[in-house]
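One structure below.
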Amino acid sequence: MKIFSTTINSLENALTQSSAKQKVISNNIANVDTPNYKAKSIRFNHALSNELGKFDAIRTNEKHISFSNSTQTSGYQVVTKSNTNYQHNGNNVDIDQEMTEMAKNQIQYNALVERLSGKFASLKTVIKGGN
């Protein structure tokens, strides 16, 4: 019997991924003036597919799309953007894009933390018996 739903685990994974994205963005910003530095980004496709594969689905009609649990690796992949140059020194960090991504990531991180805090507050209420 599971005591906790998988929501807490999913939120924890999302926080880990958001933290990793923040590190990559911060590294790009720190190297904005480094000659020949190539910006990096994170791909979450595998992680998203893995999380979506955790849902139980039942086909009620043969015309519906089938739900399959493909064996995909969890986590994320850091990739280097090597096909562009924005500066004369070979650097391809777009500071405006990186700052925008950092702001979006920070908003997502804060929302995840707030949701996780709400889950723990609910558990606390249940443990105390509603008082």
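The values are calculated or read from the model by the stated rules, or taken from the named source; none is laboratory data. These numbers were taken from a predicted model, which means no experiment stands behind them. Virtual Cβ from ideal backbone geometry, glycine too; neighbours counted across all protein chains shown. Note: accessible area is taken over every heavy atom of the protein model, side chains too, but ligands, DNA and RNA are not part of it. Shrake-Rupley method; radii C 1.70, N 1.55, O 1.52, S 1.80 Å.
Any residue in the stretch 17-35 that is at positive phi sitting within a Cβ distance under 7 Å of a residue that is among the β-branched types (V, I, T)? List the pairs, counting only those 6 or more apart or interchain.
Close Cβ pairs satisfying both conditions: none exist.
Could you say which residue among K40, K104, K81 is modelled with pLDDT of 75 or more and closer than 30 Å to T6 by Cα? Let's see the steps before the verdict.
Working: K40 fails: closer than 30 Å to T6 by Cα; K81 fails: closer than 30 Å to T6 by Cα.
Result: K104 is the single residue among K40, K104, K81 that is modelled with pLDDT of 75 or more and closer than 30 Å to T6 by Cα.
Test Y86 against the criterion of being open to solvent by less than 80 Å² (accessible area, probe 1.4 Å), aromatic (F, W, Y) and either assigned to a loop (DSSP other than H, G, I, E, B) or at pLDDT below 90 (or both), and give yes or no.
Values: open to solvent by less than 80 Å² (accessible area, probe 1.4 Å): no; aromatic (F, W, Y): yes; either assigned to a loop (DSSP other than H, G, I, E, B) or at pLDDT below 90 (or both): yes.
Answer is no for this residue.
Can you tell me which residues in the stretch 97-127 are open to solvent by 70 Å² or more (accessible area, probe 1.4 Å), touching a residue at least 40 places away in the same chain (Cβ under 8 Å) and of a type in the set (D, E, K, R)?
Answer for the stretch 97-127, where residues must be open to solvent by 70 Å² or more (accessible area, probe 1.4 Å), touching a residue at least 40 places away in the same chain (Cβ under 8 Å) and of a type in the set (D, E, K, R): just R115.
Quickly run through the stretch 82-119 and pick out the residues that are out of contact with any helix residue (DSSP H, G or I) (no Cβ under 8 Å at 6 or more places or on another chain) and hydrophobic (A, V, I, L, M, F, W, C). Let's see the steps before the verdict.
From the stretch 82-119, those out of contact with any helix residue (DSSP H, G or I) (no Cβ under 8 Å at 6 or more places or on another chain) are 82-92, 94, 96-97, 100, 103-104, 107, 110-111, 114, 117-118; that's our starting set.
Matches in the stretch 82-119: A103, I107, A111.
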